[in-house]
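Enquirer: Would you mind keeping the following structure in view while I ask a few things?
The values are calculated or read from the model by the stated rules, or taken from the named source; none is laboratory data. Just so it is clear, the structure is predicted and the values come from calculations on it, not from any experiment. Here the Cβ positions follow ideal geometry from the backbone for every residue, glycine too, while neighbour counts run over all protein chains shown. These accessible areas exclude ligands, DNA and RNA; they are computed on the full protein's heavy atoms, side chains included. Shrake-Rupley method; radii C 1.70, N 1.55, O 1.52, S 1.80 Å.
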Amino acid sequence: MAKTFFEVFPTLTVNEEMKKLLSEMEITKVSANRSKTSIRIYLFGTHLIQKAQVFFLEKEIARQLFYGHRMEIKIIEKYRLSGQYTAKRLMDVYKDSIAEELKNYSILLYNIYRKAEISFSEESRMSLVLESTLVAKEHAKELIEILEKIICERCGLDCRIELSFGEKSENGKIQKADFVIEQEVQNVIRLSKMAKDGTEPSMEPNTPQKESAKLTEEPKRKMKKSVEKKSFSSGNPDVIYGRDFEDECIDIEKITGEIGEVVIRGQVLNVESREIRNEKTIIIFSITDFTDTIVLKIFTKNESRDELLSHIKKDAFLKIRGVTTIDKFDSELTIGSIYGIKKISDFRTARMDYSPAKRVELHCHTKMSDMDGVSDVKDIIKRAIKWGHKAIAITDHGNVQSFPDANHAVPKDSDFKVIYGVEAYLVDDLKSFVENAKGQSLSDTYVVFDIETTGFNPKSNKIIEIGAVKVENHVITDRFSAFV
């Protein structure tokens, strides 16, 4: 359940501008690595926070709340912006933040982005013109993926990025560097061809050229293997993507990093999809096995999108085999390189009442009993009927707010009976409201104080703030407030 930022970090001190921004933000999740040296905070809101402010906030949380400990704080933002925002308008106000983020991530990508020409032919169609250098061409794909991740995934906007290359920079050093790199690439290609033809080049086994050739061929083999895998058609009707598999599942809570290939099962929480380059669509969905939640990503052709989305939908139960990866850009743990996805039935064990003589619950609290019940009265009554019970008593403490919903929850043709009750509070009206009276008057001088705590248990919770006012002759004459 999401909480406001200051519900999670009530003692964090920030300036008024930052306090106003954060008061409208929610924290949907907080996770830590196994060694408790890194914390990821998932922030959600409807107003943009510039990246420089996010970086400052990460440092302040580490400094104020984890002083003396080596703790890395990573904030992962997600926004639901108003309808006035488009990709074009977002870039007007967020372009510098993207540059700041890229600078923090990779100086190379930052320089490519800084020299790029960005324009919009339509509100959601970006034209990205990079310098026609070997370095820019080599890293263009990564830059586009990061821009799509920020604009589409983080900010929830549609954006199609069209890449092109302009003139080379006149900088002589850059041209010389490009020439050297190009010569090395040509040399790798030449050496690879010689090896293929059976003519061994005369060089040491571990020369940089040979290592480069090896690195160049490795992604090709992986890519070929990936394409062959995804084009395979399984005979199992439950397989909706990739190949069939029968491996044992692992609990999501046990996936703590890049542990290789895993098989998980769970219920889909939410699904997003958007069209990307080369007539492809990316499908991003979260899945939970009720121990934890993880995000998965699939790249598919546009013509296969609708069929996949008819199976990968909210509340569906799936079994998935893929490879755990940590996104280099935002440190998000995901499962990619999906080997296969299968439909499965709900694996949760449903409780039943198998007793021949059914009981009648005479003391049941619903979510209307604050700090006590958490269930909706409709769900409680449906479960009692399913278990074969004949009646149930609703006895919330101090209120009867659930009565209307309870009345409508019983089917018209059912003989199930709701017993309407309440857990009432009694006041001893013979007892004096004032204890230890000394003849004081409300016109005298007195102090009214209030405390903020981390909870209601005096043994396990603590006081975090004290506030007080001094009253003289019915007028507040002094104030006091302090964090503890």
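Enquirer: In terms of modelled amide H atoms, which long-range or inter-chain residues lie less than 5 Å from the amide H of N399?
Expert: Under 5 Å from the amide H of N399 lie the amide H atoms of E423, each far enough along the sequence or on another chain.
Enquirer: Residue by residue through the range 83-94, what is 3J(HN,Hα) from phi via Karplus (6.51 cos²θ - 1.76 cosθ + 1.60, θ = phi - 60°)? Round to whole Hz and write x for glycine and proline.
Expert: Each residue's phi maps through the Karplus curve to give x, 6, 7, 10, 4, 5, 5, 4, 5, 4, 9, 10 Hz.
Enquirer: Read phi for every residue in the range 457-471 and hand back ³J(HN,Hα) as whole Hz from Karplus 6.51 cos²θ - 1.76 cosθ + 1.60, θ = phi - 60°, with x for Gly and Pro.
Expert: Residue by residue, the range 457-471 yields 8, x, 8, 9, 9, 10, 7, 10, 7, 10, x, 7, 10, 9, 10 Hz.
Enquirer: I've got another one for you. Given an 8 Å cut-off on Cα distances and at least 6 residues of separation, report the relative contact order of the chain as a percent. Mind dumping the intermediate values first?
Expert: Details: 725 pairs, mean separation 32.9, N = 484.
Rounded, it is 7 percent for the chain.
Enquirer: Just to verify a number: FRET efficiency for K149 and N236, C-beta to C-beta distance, R0 = 22 Å, to 0.05?
Expert: Working: r = 33 Å, r/R0 = 1.52.
Here the calculated transfer efficiency is 0.10.
Enquirer: Would you please name the trypsin sites (Lys or Arg not before Pro) within the range 421-484 that are DSSP coil residues with at most 12 other C-beta atoms within 10 Å of their C-beta? Before the final figure, lay out the partial values.
Expert: Working: sites: K431, K438, K459, K462, K470, R479; in loops: K431, K438, K459, K462.
Within the range 421-484, the qualifying trypsin sites (Lys or Arg not before Pro) (loop, at most 12 other Cβ atoms within 10 Å) are K431, K438, K459, K462.
Enquirer: Another question, if that's okay. In nm, what is the difference between 0.36 nm times the number of residues separating S460 and Q401 and their Cα-Cα distance? Don't skip to the answer; put the middle values down first.
Expert: On the way: separation 59, 0.36 × 59 = 21.24 nm, distance 3.13 nm.
Fully extending the segment from S460 to Q401 adds 18.1 nm.
Enquirer: Explain nothing, just the number: dipole magnitude of the range 6-82 about its Cα centre with +1 on each Lys and Arg Cβ and -1 on each Asp and Glu Cβ, in debye rounded to the nearest 20.
Expert: Numbers: 13 positive and 9 negative charges, 82 e Å.
Roughly 400 debye for the range 6-82.
Enquirer: State to the nearest 20 debye the size of the charge dipole of the chain about its Cα centre, where the only charges are +1 on K and R beta carbons and -1 on D and E beta carbons. Walk me through the intermediate numbers first.
Expert: Working: 75 positive and 78 negative charges, 246 e Å.
So the dipole magnitude of the chain works out to roughly 1180 debye.
Enquirer: Which value in Å is the Kirkwood Rh of the range 1-53 over different Cα pairs? Before the final figure, lay out the partial values.
Expert: Numbers: mean 1/r = 0.0826 Å⁻¹.
That comes to 12.1 Å for the range 1-53.
Enquirer: Can you tell me the convex hull volume per residue for the chain, based on C-alpha atoms, in Å³ to the nearest whole number?
Expert: Values: hull volume 137.3 nm³, N = 484.
Normalising the Cα hull of the chain by residue number yields 284 Å³.
Enquirer: In addition: With both bridge residues required to lie in the chain, what share of the DSSP beta bridges run antiparallel, to the nearest 5%?
Expert: 75 percent
Enquirer: Regarding the range 340-379, what's the average projected area of the Cα-atom convex hull, expressed in nm²? Could you put the intermediate results ahead of the total?
Expert: Details: hull surface 22.6 nm².
For the range 340-379, the mean projected area of the Cα convex hull comes to 5.7 nm².
Enquirer: I would also like to ask the following. At most 13 other Cβ atoms within 10 Å and a DSSP loop assignment: could you name the trypsin sites (Lys or Arg not before Pro) in the range 303-383 that fit?
Expert: On the way: sites: R305, K313, K314, K319, R321, K328, K342, K343, R348, R351, K358, R359, K367, K378, K382, R383; in loops: K313, K314, K328, R348, R351, K358, R359, K367.
Passing sites in the range 303-383 are K313, K314, K328, R348, R351, K358, R359.
Enquirer: Continuing with the same structure: If amide H atoms are built 1.01 Å from N in the plane of the peptide, which residues on other chains or at least 5 residues away come under 5 Å of the amide H of A391?
Expert: K417
Enquirer: A further question on this structure: Evaluated at 20 °C with a viscosity of 1.002 mPa s, what Stokes-Einstein diffusion coefficient in µm²/s does the range 300-364 have when Rh comes from the Kirkwood expression over alpha-carbon pairs?
Expert: Values: Rh = 16.3 Å.
Translational diffusion coefficient: 132 µm²/s.
Enquirer: In the range 435-479, which GluC sites (Glu not before Pro) are in a loop and have at most 14 other Cβ atoms within 10 Å, using DSSP for the loop call?
Expert: Passing both the DSSP loop test and the Cβ count: E435.
Enquirer: Same structure again: Give, in whole angstrom and from largest to smallest, the semi-axes √(5λ) of the equivalent ellipsoid of the range 5-160, with λ running over the eigenvalues of the Cα gyration tensor. If you can, show how the numbers build up before the last one.
Expert: On the way: eigenvalues 186, 76, 32 Å².
That gives 31, 19, 13 Å for the three semi-axes.
Enquirer: So how far apart, in nm, are the two label points at V271 and R89 if each is 7 Å from Cα heading toward Cβ?
Expert: 3.0 nm
Enquirer: Which residue, F290, F120, T477, has the largest displacement toward the positive end of the dipole of the chain when charges sit on each Cβ (Lys, Arg +1; Asp, Glu -1)?
Expert: F290
Enquirer: Please compute the Kirkwood hydrodynamic radius of the range 318-435 from all pairs of different C-alpha atoms, in Å with one decimal.
Expert: It works out to 18.7 Å.
Enquirer: While we're on this one: Please determine, in degrees from 0 to 90 and to the nearest 10, the orientation of helix 302-311 with respect to the longest principal axis defined by the Cα atoms of the chain, where the helix direction is its Cα long axis.
Expert: Taking the Cα atoms of the chain, the angle to 302-311 is about 30 degrees.
Enquirer: Using modelled backbone amide H atoms (1.01 Å from N, in-plane), which distant-in-sequence or interchain residues come within less than 5 Å of E77's amide H?
Expert: L43
Enquirer: With the dipole of the range 366-471 worked out from charges on the C-beta (+1 for Lys and Arg, -1 for Asp and Glu) around the Cα centre, which of S432, N407, V448 lies farthest toward the positive end?
Expert: N407
Enquirer: In sequence order, what are the phi-derived ³J(HN,Hα) couplings for the range 365-378 according to the Karplus relation 6.51 cos²θ - 1.76 cosθ + 1.60 with θ = phi - 60°, rounded to whole Hz, with x for glycine and proline?
Expert: 3J(HN,Hα) across the range 365-378, in whole Hz: 9, 9, 5, 6, 8, 4, 6, 9, x, 10, 9, 6, 4, 5.
Enquirer: Would you calculate the separation in nanometres between label points at T13 and N33, each defined as 7 Å from the Cα along the Cα-to-beta-carbon direction?
Expert: With each label placed 7 Å out from Cα toward Cβ, I get 3.1 nm.
Enquirer: Then there's this: Given a 1.4 Å probe, how much area per residue of the range 277-376 is accessible, in Å²?
Expert: Details: 5580 Å² over 100 residues.
Per-residue value: 56 Å².
Enquirer: Here's another thing I want to ask about it. Of the accessible area of the range 13-161, with the probe set at 1.4 angstrom, what percent is carbon plus sulfur?
Expert: Working: 3720 of 7930 Å².
Heavy-atom surface of the range 13-161 belonging to carbon and sulfur, 1.4 Å probe: 47 percent.
Enquirer: OK, next. Label K470 and K115 with points 7 Å out from Cα along Cα→Cβ: what is the distance between them in nm?
Expert: 6.8 nm
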